[in-house]
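The values are calculated or read from the model by the stated rules, or taken from the named source; none is laboratory data. Since the model is a prediction, treat every value here as computed from it, not as a measurement. Methodologically, a virtual Cβ is constructed for each residue, glycine included, from the backbone with ideal geometry; neighbour enumeration extends over all protein chains shown.
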Amino acid sequence: MKTIRSYIKGIREALLCPKAAVVLWLINAAFAAVVYFVASGAVTAALGRSLAADDLLSRSNVDALFELLTGNAAALSSLLVVALVVLLLYILASPFLYGGILNILAHPGERAGRFAQTFGAGAGRYYGRFFRLIPASLVLWVPAAALFLLADRALDYIGRDPLQEQLNFILTFVRIAVALFLFYLVRMIMDYARIRIIATESRSALLSLSWAAAFVLRRLGGTLALYYMLGLTAWAGFAAYLGLQSLFAKTTTRAVLAGFLLTQLHIVWRSGIKVAYQGAELSFYSQSSN
């Protein structure tokens, strides 16, 4: 019941605090716009004078993709550099966003009419501590990588017979499942470490991370159930988005605009789910600590 209550609480918090989702959407839009304009330039430079571009627009064409990859190395190099810089900037911005959102969720009485002040106060107050969690998380990522390598070795042993093609095909998906499980497990622990810092005003990122790891492992069933319930909710929204996009062909200006607006609504939905994750995990932490 604790997991269900926390899930409902997280969804409710996301619905009651739409401004947090809008902030996340704006940040995503700003970063995506930079990549889009650079990518647009790269594609134009590589395919602008090529008939392969017409084929790419009309149907899937491998030749067009090869021409894009080989036709203008300088433009594509610039695109990769910009993408890496944007990724780095997003990593630097994420502690700011987490601090603001968690401060809003932890102090619901201050959100009415004072969203910007409460968000900014949390973002500034916790930025340094949340940022230190990023290098400190190596104590989790390294063991997670080691566990994946051990699992990979074990799966290699199971599928050592090259004639068992079906088994090897299944084991490939098992590898992906193990990798995703470990990846999201570490991310979930980092969520609870941030919550611990907010709740106790701890200044030690490493101690908060250690506490969060113990907290999650002691309640592995509940924490995983909550995390994956929210994940399934996100996937349900994605399925609905794909279904709506498939209802009309993008052959007119209005249809293209409608598709673009649907995409933006889906991004807002995904941003709301991120807020729901923080609200649900904060609720689970509060119930488990009482």
Scanning the stretch 225-249 residue by residue, the ones that are assigned to a helix (DSSP H, G or I), without any contact (Cβ under 8 Å) to a residue 12 or more places away in the chain and either farther than 21 Å from VAL268 by Cβ or of a type in the set (S, T, N, Q) (or both) total 1
Only one of (1) more than 17 Å from PHE181 (Cα to Cα); (2) modelled with pLDDT of 90 or more; (3) polar (S, T, N, Q) does not apply to GLN245, and that is (2)
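Here's the yes/no breakdown for (1) under 22 Å from the mean Cα position of the chain (by Cα); (2) crowded, with 17+ Cβ neighbours inside 10 Å:
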{"position": "LEU138", "(1), (2)": "yes, no"}
{"position": "GLN164", "(1), (2)": "no, no"}
{"position": "PHE183", "(1), (2)": "yes, no"}
{"position": "ASP191", "(1), (2)": "yes, yes"}
{"position": "ILE197", "(1), (2)": "yes, yes"}
Filtering the stretch 166-179 down to residues that are within 29 Å of ALA213 (Cα to Cα) and more than 26 Å from the chain's Cα centre (by Cα) yields none
Notebook entry, point to check: Just to be sure, is ALA20 out of contact with any Ser or Thr (no Cβ under 6 Å at 6 or more places or on another chain), modelled with pLDDT under 90 and either small (Gly, Ala, Ser) or in a helix (DSSP H, G or I) (or both)?
Noted result: no
Checked pairs for the stretch 164-190, first closer than 23 Å to PRO143 by Cβ, second part of a helix (DSSP H, G or I) and among the β-branched types (Val, Ile, Thr), C-beta under 6 Å and 6 or more apart or across chains, list as ILE189/VAL216
Requested in this report: Could you please let me know if ILE176 is of a type in the set (Val, Ile, Thr), closer than 26 Å to GLY10 by Cα and in a helix (DSSP H, G or I)?
Outcome: no
Quick check on the stretch 129-146. Is at least one of its residues at pLDDT below 95 and more than 19 Å from SER204 (Cα to Cα)? no
